[in-house]
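A short write-up of the structure that comes next.
The values are calculated or read from the model by the stated rules, or taken from the named source; none is laboratory data. In this text the structure is predicted, and so the values were computed from the model without any measurement. Cβ placement follows ideal geometry from the backbone for every residue including glycine, while neighbour counts extend to all protein chains displayed. For accessibility, only protein heavy atoms count, side chains too; no ligands or nucleic acids. Shrake-Rupley method; radii C 1.70, N 1.55, O 1.52, S 1.80 Å.
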Amino acid sequence: MEAIPTLSDEIDASGHLQISQEMVIAQQPDIVFGLPDGVTREAMADADAQVVMQNVYCASDHERSSFETLHEQIGTYGRIFDHGEQAEQLSTSLQERIDAVSASAKDLATATAAVLYPSVGGGPLYTYGAASMVTAQLDALGIENVFAGTAERVFEISAEPLLAADPDVLIVLYQTDGDGSDVVAEMISQDQLGSLRAVQDQALLPLLFNFAEPASPLVVDGLERIHEWLVELEG
């Protein structure tokens, strides 16, 4: 990872990468995945770059997420790079890990959870609904996402519904340096969130964003990390 050049480390308050079109074109890419703000398909075509629009953040608001999205993504990359057999092998090995966690998680006592994304600097608080990969993770663990009744992938939330749901555990996603404890501390200092049962019981896990979103092999790592944390928490 350290050997890969970083073209931009500018992230806005909602966690989206900021990068200029000129910077992308300067790399002379053959293929570009996604179109950040300010980067257009037409400009990429003029630079002889193919654009692939990934649907990892575009799950249907009418469908509950599942790990099938992950397998579809792996299959897509296998076709693009002509490594179909390796893609199939990867999907199989990941599914075996998912199944192993699900089997082991049957002994967990935790029943409900919420997954939150606090904006850095005191901005809005977001949570994840049915179309998010975190719901697929919690489903695999046999845990109810208290906001899975909302079809959206991610949405802004006020303190009131979170306090009313009062889940057993909280998972707080972050993208900053460190272990996320500063993000958690800032979040629970606002809007009486410190009174949540999960906060009082210290049943709160800071988790790097990409271990939960979007659909990539990292979400299986994230599933295993959440499971290990829950086992320790309940032990």
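Filter region 169-217 for residues that are acidic (Asp, Glu) and farther than 14 Å from Pro118 by Cα; which is most open to solvent (accessible area, probe 1.4 Å)?
Just the residues of region 169-217 that are acidic (Asp, Glu), to begin with: 177, 179, 182, 186, 191, 201, 213.
Those still in the list that are farther than 14 Å from Pro118 by Cα too: 177, 179, 201, 213.
Working: Asp177: 143, Asp179: 96, Asp201: 98, Glu213: 1 Å².
Checking each candidate, the answer is Asp177.
None of Ser216, Ser189 is under 15 Å from the mean Cα position of the chain (by Cα), at pLDDT below 95 and among the hydroxyl-bearing types (Ser, Thr, Tyr) except Ser216.
Here is a list of conditions, (1) open to solvent by 10 Å² or more (accessible area, probe 1.4 Å); (2) without any contact (Cβ under 8 Å) to a residue 40 or more places away in the chain, and Ala111 meets all of them except one; can you say which number that is? Unmet condition: (2).
Exactly one residue among Arg97, Arg64 is of a type in the set (D, E, K, R) and open to solvent by less than 90 Å² (accessible area, probe 1.4 Å), and that residue is Arg97.
Might you check whether a residue that is farther than 17 Å from Asn210 by Cα, of a type in the set (Ser, Thr, Tyr) and either at pLDDT 95 or above or surrounded by fewer than 22 Cβ atoms within 10 Å (Cβ to Cβ) (or both) occurs anywhere in region 151-162?
Quick first cut of region 151-162, residues farther than 17 Å from Asn210 by Cα only: 151-152, 155-162.
Now restrict to residues that are of a type in the set (Ser, Thr, Tyr): 158.
Still in the list and also either at pLDDT 95 or above or surrounded by fewer than 22 Cβ atoms within 10 Å (Cβ to Cβ) (or both): 158.
For region 151-162, residues farther than 17 Å from Asn210 by Cα, of a type in the set (Ser, Thr, Tyr) and either at pLDDT 95 or above or surrounded by fewer than 22 Cβ atoms within 10 Å (Cβ to Cβ) (or both): present.
Among the residues of region 28-37, the ones that are closer than 18 Å to Gln54 by Cβ and either open to solvent by 60 Å² or more (accessible area, probe 1.4 Å) or touching a Gly at 6+ places or on another chain (Cβ under 6 Å) (or both) come to 3 in all.
Of the strands (runs of 3 or more DSSP E) entirely within region 33-140, those holding at least 1 residues that are out of contact with any Ser or Thr (no Cβ under 6 Å at 6 or more places or on another chain) and among the aromatic types (Phe, Trp, Tyr) occupy 112-118, 125-128. Looking only at residues in region 151-181 that are over 17 Å from the mean Cα position of the chain (by Cα) and among the polar types (S, T, N, Q), the one that is nearest to Gln202 (Cα to Cα) is Ser181.
Answer yes or no as to whether Tyr77 is open to solvent by less than 60 Å² (accessible area, probe 1.4 Å) and either of a type outside the set (S, T, N, Q) or out of contact with any Cys (no Cβ under 6 Å at 6 or more places or on another chain) (or both).
no
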